[in-house]
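Below is one structure; the comments refer to it alone.
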Amino acid sequence: MRFPQITLNRHHLLLAATSLTTSALVWAPFFLRLPTLWGIPLPQQGMATIVANYDGPYYIVAAKSLYQPQTIDTQFEFPLPAKYYSAHWPAYPLLTRALAPLLGYPYALLAVTQLFSILAVIFFYQLLIRLNLKKLALPLSLFSLIFPARYLVIHSIGSPEPLFIFALLASLYYFLDRKYLLAGLFGALAQFTKSPGILLFAAYTITLLYPSFSHLATGNLKTALQKVNFKALLPQLLIPLTALAVFLYYHYTYQDFLAYFHSGDNIHLLFPPFQVFNSSFPWVGTFWLEEIIYIYLIEAVGILYLFKKSDYRPLALFAAILYLSTLFISHRDLSRYSLPLTPLILIAFAPLVTKREFQIALAIILIPIYLFTINFISQNALPISNWSPLL
């Protein structure tokens, strides 16, 4: 298997095996229908608990219905309006649909997650090599499969995040390598997977226009235009064009070009920032939120580290733009919304991985990461009384 300029090697195979193994260890207590694990009571539905974790079943609905309201309203039992599914962007459902004839929809859902979890960690490894972090590439890539713990959850259930993170990392990798068409194509895939993909376009545009800023400031428009690399910028237009294509398809299915923005309680961006600390909002609902301050702090420090190196500018700009957007998110599960930031923050803190103190700390937190994952999945399953429409 080859991507442009990337050939699989033994480190890639080790990363792939580790990605599959970590998910298998998460699945094991549910597959074996253990009544408890470390005192944690477990549901007895087997692998159905894994498949039923939010928002996996909703992506199956999108995959089977192709966003057709009549199909959604007549064939599925979830009490949600048809437009709700427009928040579940098409790439992940379409890939699930493609594998469904071989595996059935529930296991196709998991297979797509596993495939792109592997590709995401391989491209993270390659990005580290590209940034001259060769000695740290393997241990940091292995670490990324289990940290943050929320990612171990995500790459063990039906979720579009591994596909999204793969597309982001591949796009950034090829952008740094000045393969701008590939950067645009993978950026378009990211956009086709989740709405924040548009932030890649913003980061690339700023990066490519930056050499012209000083000339614009002096009013020298002709020189400013000469400084712009239009051959690099034009392929990045594939990203907003992909968003436009999705909206046009929603106009066809829902008769509403802006259906995504009318999908209900799916868009959690609120002004002013830091509304996540308002416990009255429905997707917050608690005042136990101190860990969010640590998320904000660690990510801010990491982004500032990224900006210290000029070679990291596209990474830093994308990370900064995404980080700023998370400040406006009012949702208890902020760690999930921040997952695309995680590989870039890990790059910022990469030198820590080889420290003896870090390795001791990692040994201490391995069990808590696993227990968090098992407990989260056991409590996060959508109740489904009739599986037949989802098979």
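Computed from the coordinates by the stated procedures, all read-outs in this text should not be read as laboratory data. Everything numeric in this text was worked out from a predicted model, so none of it was measured. Every residue, glycine among them, receives a Cβ derived from its backbone with ideal geometry; neighbour counts consider all protein chains shown.
Evaluate E = 1/(1 + (r/R0)^6) for F78 and L270, where r is the Cβ-Cβ distance and R0 equals 35 Å; express this FRET efficiency to the nearest 0.05.
With R0 = 35 Å, the Cβ-Cβ based efficiency is 0.85.
Between L237 and R178, what's the calculated FRET efficiency when r is the beta-carbon distance and R0 is 22 Å? Round to 0.05.
Working from the Cβ atoms, E equals 0.80.
Could you size up the charge dipole of the range 272-348 around its Cα centre, putting +1 on the beta carbon of Lys and Arg and -1 on that of Asp and Glu, and report it in debye to the nearest 20?
Around 220 debye, computed over the range 272-348.
Apply the Kirkwood formula to the range 145-201: the hydrodynamic radius equals the inverse of the mean of 1/r over all pairs of different alpha-carbon atoms; give it in Å with one decimal.
When all Cα pairs of the range 145-201 are included, the Kirkwood radius is 11.7 Å.
On a 28 Å Cα-Cα criterion, which of the cross-link pairs K135/K194; K179/K308; K83/K179 come out too long?
Table pairs above 28 Å Cα-Cα are K135/K194; K83/K179.
Gap in Å between the Cα centre of the range 229-259 and the Cα centre of the range 96-139?
25 Å
With unit charges on the beta carbons (Lys and Arg positive, Asp and Glu negative) and the dipole taken about the Cα centre of the range 272-348, which residue among L334, W283, Y323 sits farthest to the positive side?
Y323
Work out, step by step, the length gained on full extension between L102 and S388: first 0.36 nm times the residue separation, then minus their alpha carbon distance; give nm to one decimal.
Extending this stretch completely gives an extra 101.3 nm.
Just to be sure I understand: if I project the alpha-carbon convex hull of the chain onto a plane and average over all orientations, what area do I get in nm²?
21.0 nm²
Rounded to the nearest 20 Debye, what is the dipole magnitude of the range 62-157 about its Cα centre when Lys and Arg each give +1 and Asp and Glu each give -1 at the C-beta?
440 debye
Find how many whole Å separate the alpha carbon centroid of the range 342-391 from the alpha carbon centroid of the range 150-188.
Value for the Cα centre distance between the two parts: 19 Å.
Please list the non-local residues whose amide H lies under 5 Å from the amide H of N53, H modeled 1.01 Å from N, same-chain partners needing a gap of 5 or more.
The list, which skips near neighbours in sequence, is G158, L382.
Within the range 314-350, whose backbone N sits under 17 Å from a point 7 Å along Cα→Cβ of V301?
342-350
Counting other C-beta atoms within 10 Å, which of H11, H251 has the fewest, and how do the rest follow?
So the residues, fewest neighbours to most, are H251, H11.
State to the nearest 20 debye the size of the charge dipole of the chain about its Cα centre, where the only charges are +1 on K and R beta carbons and -1 on D and E beta carbons.
1360 debye
Multiply the residue gap between M47 and D311 by 0.36 nm, knock off their C-alpha separation, and tell me the result in nm, one decimal place.
90.6 nm is the gain from fully extending M47 to D311.
Quick one: Cα centre-to-centre distance for the range 301-336 and the range 1-53, in angstrom?
After rounding, the separation between the Cα centres reads 28 Å.
What Kirkwood Rh does the range 272-348 have if only Cα atoms enter the pairwise 1/r average? Answer in Å.
12.9 Å
Quick one: order T207, T71 by neighbouring beta-carbon count within 10 Å, fewest to most.
Fewest to most other Cβ atoms nearby, the residues stand as T71, T207.
Could you work out the helix-only [θ] at 222 nm for the chain, with each DSSP H run of four or more residues adding -39,500 (n - 2.57) and the total divided by the number of residues, to the nearest 500 deg cm²/dmol?
Taking each H run of at least 4 residues, the total per residue is -19500 deg cm²/dmol.
Provide the packing ranking of 134-146, 356-368, i.e. peptides ordered by the mean count of other C-beta atoms within 10 Å per residue, highest first.
Averaged packing, sorted descending, gives the order 134-146, 356-368.
Given points 7 Å out from each Cα along the Cα-Cβ axis, report the N375 to T71 separation in nanometres with one decimal.
Distance between the two pseudo-spin positions: 4.0 nm.
If you build the convex hull over the alpha carbons only and average its shadow over all orientations, what do you get for the range 332-391? Give it in nm² to one decimal.
Averaged projected hull area, Cα only: 6.6 nm².
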